1. So what J values fall out for region 217-230 if you push phi through Karplus, 6.51 cos²θ - 1.76 cosθ + 1.60 with θ = phi - 60°, rounded to Hz, Gly and Pro as x?
2. Any idea how far apart residue 263 and residue 138 come out in nm if each label point goes 7 Å out from Cα toward Cβ?
3. Taking 25 Å as R0, compute the FRET efficiency from the Cβ-Cβ separation of residue 39 and residue 242 and round it to 0.05.
4. Of 44/176; 20/191; 153/264; 4/145; 80/176, which ones are farther than 24 Å apart at the Cα?
5. Residue by residue through region 104-116, what is 3J(HN,Hα) from phi via Karplus (6.51 cos²θ - 1.76 cosθ + 1.60, θ = phi - 60°)? Round to whole Hz and write x for glycine and proline.
6. Just the number, please: percent antiparallel of the DSSP beta bridges in the chain, rounded to the nearest 5.
Amino acid sequence: MTIKKGEVSFITGGASGIGKALSENLVSQGGRVVIVDLNPETSKALADELNKKAGSTVAVSAKADTTVWEEQVAAYEVAKKAFGRIDYVFANAGIAEYPWIPAFDPSTAASRPFTKPNLLTVNIDLVGQLNTAALAFQIFERQEKNELGLRGKLIMTASVFGYYPCPSMPMYAAAKAGIVNFMRSAAEFYKAKDITVNLVAPNLIDTNIAPDSLFVPFRERNLLTPVSLVVEQFNTLLGSSTVTGQALSINGEEVWVHPPESVKFKENDPSCKLIDEEISKLFGYTKI
Ligand SMILES: NC(=O)c1ccc[n+]([C@@H]2O[C@H](COP(=O)([O-])OP(=O)(O)OC[C@H]3O[C@@H](n4cnc5c(N)ncnc54)[C@H](O)[C@@H]3O)[C@@H](O)[C@H]2O)c1
């Protein structure tokens, strides 16, 4: 699915890796991009390069730490001033795992003070992306529908570790699993409100997310997922696509739509549906 010329994308983590490839691809399709990143140098350099190549302003950069709500709102102000409407928001910024508590060692545990967990990964990969989602929904709510009847699209970057446990990366797995079930819940909520919500969940891609040495054994065994294939999957969700609630997964060259959890789903369904109805009443949510 290709985008319409001039459509605008707000991309967090847009200066490197997946976000950079996406920014370049969207501009090559005639789109305009707002590169939102913690790193002002790389995001400005990318915007300058894209503008130079296009011979017009097709990209702007905005520095923001996605974990800080006010910084994301400020980035939106930059976007609005430059381009007005936002058609696509990509909640993409993320980092890899940091050890959250000291390694298990009964022989030294008693002599150590209790260590506060390092929740940085959850903070950026889950809370930061939720900030972006909260901003996206409020931007789209204020916009008129486009000619396809849509107010805007949110696309999140999860990971296959949103479904598969990883003993050495519990914070990353927790964050990405959070994104998966958030996306499924929000997609259902916004379905009738002309906003689509989807995610892309790749396996390992050679980017700046980890030191190069980590990728060596994956290169040797041909186990990496090409970033171009990830960008292709993002593209299937754009333009005239009305798909919502989809988790597009990619491992190597293989792509699949990951189904929602189904164990005991039928048994839980009546109770979960009723909880949803009661909470909707409590919060005053209306089904349009
Ligand atoms: N590379 C992989 O193997 C892989 C696989 C699956 C999912 N992902 C996910 O893809 C997303 C992008 O990762 P990548 O591989 O392109 O990494 P990357 O390190 O190449 O790029 C991430 C970008 O996000 C920015 N960033 C980091 N923290 C930020 C913050 N708090 N606020 C704003 N910007 C911030 C960085 O400055 C960087 O430019 C992440 O959510 C990551 O979890 C990556």
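Read the figures in this text as sums done on the coordinates, not as results from a lab. All values reported here derive from a predicted model rather than from experimental measurement. Note that we place each Cβ from the backbone using ideal geometry, even for glycine, and neighbour counts take in every protein chain shown.
1. Going residue by residue, I get x, 6, 5, 4, 9, 6, 10, 8, 9, x, 5, 4, 5, 5 Hz, with x marking Gly and Pro.
2. Going from the residue 263 label point to the residue 138 one covers 3.8 nm.
3. Values: r = 35 Å, r/R0 = 1.38.
Rounded to the nearest 0.05, the efficiency is 0.15.
4. Long pairs (Cα-Cα over 24 Å): 44/176; 20/191; 153/264; 80/176.
5. Result, rounded to whole Hz: 4, 7, x, 6, 10, 4, 5, 8, 9, x, 4, 9, 5.
6. Numbers: 4 of 31 bridges.
Here the antiparallel bridges make up roughly 15 percent for the chain.
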